[in-house]
Amino acid sequence: MAVKLYIDAIREAMQEEMRQNPNVFVLGEDVGLRGGVFRVTQGMIEEFGPERVMDTPLAESAIVGVAIGAAAYGMRPIAEIQFADFIMPAVNQIISEAAKLRYRTQGDWHCPLVIRAPYGGGVHGALYHSQSVEALFYHVPGLKIVTPATAADAKGLLRAALRDPDPVLYFEHKGMYRAIRDDVPEGDFTVPIGKARVAREGDDLTVITYGLMVHHTLTAAERLAADGISTHVIDLRSILPLDREAILEAARRTGKVLIVHEDNKTGGIGAEVSALIAEEALFDLDAPIARLCGPDVPAMPFSAPLEAFYMLNSTKIEDAMRKLAAF
């Protein structure tokens, strides 16, 4: 295995799939000549040409609409939304068309579409460049949603998404692009959609999380370990569908559960995880289920102190973990 950056793992997954499958192509704003606003697609237009790495107008609804049509025609499009915040104009295409195509045609048609979107805050991006939007799509049957936290998962999940017959929303936290690096297996490997990962084994409390928060949680878990508190950490990796078995097993293992995500608390993924545990493992618990999430404010502030107030970090997570451990 080789150590690779999160951003490089994403690019490699696209390049390798495009070399193997001529039906895979990328479209989005500035993905070609510029190589993407974060340089995720850098160098790809030189290798694959403008017919497979297509610069588009600033029209997210059109980007996704064209991709849905291409997918129905048998292609494997990767539609890039420059920032997840700007996915809103394409919501109707995603929910009303992509998610329902298989169901409305009784399986005659399907929609093998991947929508990549950088999300998340902590980069001083403010109002339209920092939002977490996964919960907006979580309510929609017919979609799959993945949020890799490691370079290995970034590559393996993107490959799996590109081979999936149905639409997959692939949310990549922009704060991890050049901050996270880890061992990435060689060869033609995939990470199955719908399977969580045990990021750390422990026996005193369980933290269930995803994305950038996995790394803050692991840092906090190290601090608790120094005081003899053992933390079990579940990285969901896929939030739609959820790995129900892994969640329930982890909850029963320690009897104390903290759910952590950067997105707003109300109506977030944590609410569904909490409801699942309450419905099926309530009598295995030793403490009320706890959630630590982003505050319910409309958007990420620009002000640095306010952004820091909004964002979760390892200290905030550590405090919540210690409170739960002491219950």
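General remarks:
- In the stretch 13-27, the residues that are farther than 23 Å from V191 by Cβ and outside any loop (DSSP other than H, G, I, E, B): L27
- I68 vs. criteria open to solvent by less than 30 Å² (accessible area, probe 1.4 Å) and under 22 Å from L157 (Cβ atoms): yes
- Boolean, H139 is open to solvent by 10 Å² or more (accessible area, probe 1.4 Å) and in contact (Cβ under 8 Å) with a residue 60 or more places away in the chain: no
- Flag for G74 being open to solvent by less than 10 Å² (accessible area, probe 1.4 Å) and in a loop (DSSP other than H, G, I, E, B): no
- Filter result for the condition that a residue is among the basic types (K, R) and in contact (Cβ under 8 Å) with a residue 60 or more places away in the chain, over R253, R223, R244: R223
- Taken together, the residues in the stretch 48-65 that are surrounded by 15 or more Cβ atoms within 10 Å (Cβ to Cβ), out of contact with any strand residue (DSSP E or B) (no Cβ under 6 Å at 6 or more places or on another chain) and assigned to a loop (DSSP other than H, G, I, E, B) amount to 0.
- Number of the condition not met by L5 [criteria: (1) under 22 Å from A84 (Cβ atoms); (2) crowded, with 20+ Cβ neighbours inside 10 Å]: (2)
- Residue selection: I45 satisfies the criterion of being open to solvent by less than 40 Å² (accessible area, probe 1.4 Å), in a helix (DSSP H, G or I) and either free of Cβ contacts under 8 Å to residues at least 12 places away in the same chain or in contact with a Gly (Cβ under 7 Å, 6 or more places away or on another chain) (or both).
- Looking across K265, K256, one residue alone is among the charged types (D, E, K, R), touching a Leu at 6+ places or on another chain (Cβ under 6 Å) and open to solvent by 10 Å² or more (accessible area, probe 1.4 Å). It is K256.
- For the stretch 15-22, the condition of being modelled with pLDDT of 95 or more, surrounded by fewer than 22 Cβ atoms within 10 Å (Cβ to Cβ) and farther than 25 Å from D183 by Cβ holds for at least one residue.
- Residues of the stretch 261-319 that are more than 23 Å from H173 (Cα to Cα) and either among the aromatic types (F, W, Y) or in the same structural domain as Y119 (by the TED database) (or both): F283 alone.
- Test: residue in the stretch 273-294 that is modelled with pLDDT under 95, open to solvent by 40 Å² or more (accessible area, probe 1.4 Å), over 21 Å from the mean Cα position of the chain (by Cα) and of a type outside the set (V, I, T): no
- Checking every residue in the stretch 87-106 against the condition of being of a type in the set (F, W, Y), surrounded by fewer than 16 Cβ atoms within 10 Å (Cβ to Cβ) and either over 20 Å from G267 (Cβ atoms) or in contact (Cβ under 8 Å) with a residue 24 or more places away in the chain (or both) gives at least one match.
- Of all residues in the stretch 120-134 being closer than 22 Å to G65 by Cβ and open to solvent by less than 10 Å² (accessible area, probe 1.4 Å), the one that is nearest to the chain's Cα centre (by Cα): E134
- Count - residues of the stretch 72-129 that are touching a Phe, Trp or Tyr at 6+ places or on another chain (Cβ under 9 Å) and of a type in the set (S, T, Y): 2
The values are calculated or read from the model by the stated rules, or taken from the named source; none is laboratory data. Just so we're clear, the structure is a prediction, and the values are computed from it rather than from any experiment. We place every Cβ from the backbone using ideal geometry, glycine too, and count neighbours over all the protein chains shown. To get the accessible areas, we keep the full protein, side chains included, count just its heavy atoms, and leave off ligands, DNA and RNA. Shrake-Rupley method; radii C 1.70, N 1.55, O 1.52, S 1.80 Å.
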